[in-house]
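Let me begin by presenting the structure, written as structure tokens, before commenting on it.
Just so it is clear, none of the values below were taken in a lab; they were calculated from the coordinates. Values in this document were obtained by computation on a predicted structure and should not be read as measured data. Using ideal geometry, Cβ is built from the backbone for each residue, glycine included, and neighbour counts are taken over all protein chains shown.
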């Protein structure tokens, strides 16, 4: 089931923001030359919330230990430890919706 998380005009192409959907922290990222994506908002390494995550329009980076992920795919760039869980996202009438049903954050082996 899709949950309303924000208005589309609160995020620009090349930008990101954190939202909450069904009690899960979600990063909305809009990669340059790509579509809006929704990924887990917890670092798979430390489980830390990524509210201070960096985003250069293509790569997301965790502020804790600088792990990085491709914002088009959620695949890790460095180190190649753990992908980010991706959630279905849709935009209707200028509103962004995310579906978290059956998807849980991914975590690296410790």
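Cα gyration tensor of the stretch 31-91, axes a ≥ b ≥ c as square roots of the eigenvalues: rounded (a/c below 1.5), prolate (a/b > b/c) or oblate? Here the stretch 31-91 falls in the prolate category.
Note on the chain: Cα-only Rg and Dmax are 12.8, 42 Å. Once the piece of chain linking residue 95 and residue 12 is laid out straight, how much longer is it, given 0.36 nm per residue of separation minus the C-alpha distance between them? Roughly 28.5 nm would be gained on extension. Ranked for footprinting exposure by Cβ neighbours inside 10 Å, fewest first, 17, 58 give 58, 17.
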